[in-house]
Amino acid sequence: QVHLVESGGGLVQAGDSLRLLCAASGRTFSTVLMGWFRQAPGKAREFVSTISASGGSTSYADSVKGRFTISRDNAKNTMYLQMNSLKPEDTAVYYCAASFRYYTQREQEYDYWGQGTRVTVSK
């Protein structure tokens, strides 16, 4: 069982930076794949980034590549998403998720989800 809680969202201006955190409970955090997804108003939830259990492998959606950085600290049971050069189109509720699979970008294959944190980027 993995319980996830996101934080760090807020209202920022275009070009600003923000760092999201995902705090996990449970002893299995260091063994699970973690990911970030987001859901913009009126749109389906979409993949943002994922990081392997060890933190050695990461992947990003094309829309955030070069601007967002995913990381994790297994000693602190915490995952991060550093978001730089934010754009209005990054406005969404951001969710962290955990998967017992080795690697996947498909939300259907993530087993645990947080409640989400809202990010709003104004022009």
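Enumerate the whole-percent occupancy of each 5 Å bin, from 0 to the last occupied one, for all C-alpha pair distances of the chain.
Per 5 Å bin, starting at 0, the Cα pair percentages come out as 2, 13, 24, 27, 19, 10, 4, 1, 0.
What is the Cα convex hull volume of segment 1-60 when expressed per residue in Å³?
Dividing the Cα hull volume of segment 1-60 by its residues yields 115 Å³.
Between SER17 and LYS43, what FRET efficiency follows from the Cβ-Cβ distance if R0 is 25 Å, with the result rounded to 0.05?
In this case the efficiency is close to 0.60.
For LYS65, go through the lysines and keep the ones whose alpha-carbon is under 19 Å away, minus same-chain ones fewer than eight residues off.
Candidates past the 8-residue exclusion: LYS87.
Check each of the chymotrypsin sites (Phe, Trp or Tyr not before Pro) in segment 24-108 and keep only those in coil by DSSP with at most 10 other C-beta atoms within 10 angstrom; list them in order.
In loop regions of segment 24-108 (DSSP not H, G, I, E or B), the sparsely surrounded chymotrypsin sites (Phe, Trp or Tyr not before Pro) are TYR102.
Which FRET efficiency, nearest 0.05, do THR58 and GLU89 yield, Cβ-Cβ r, R0 30 Å?
For THR58 and GLU89, the calculated efficiency is 0.90.
In nm, to one decimal, how far is the SER122 label point from the GLN1 one, both placed 7 Å along Cα→Cβ?
In this crude spin-label approximation the distance works out to 4.2 nm.
For LYS76, go through the aspartates and glutamates and keep the ones whose alpha-carbon is under 17 Å away, minus same-chain ones fewer than eight residues off.
GLU6
To the nearest 20 debye, what charge dipole does the chain have about its Cα centre, counting +1 at the Cβ of each Lys and Arg and -1 at the Cβ of each Asp and Glu?
Its charge dipole is roughly 100 debye.
Once you have the Cα-Cα distance between SER30 and ARG67, take 0.36 nm times their residue separation minus that, and quote the gain in nm to one decimal.
10.8 nm
None of the figures in this text is laboratory data; all of them are computed from the coordinates on show. Everything numeric here is computed off the predicted structure, so don't read it as measured data. Glycine also receives a Cβ, built like all others from the backbone with ideal geometry; neighbour counts cover every protein chain displayed.
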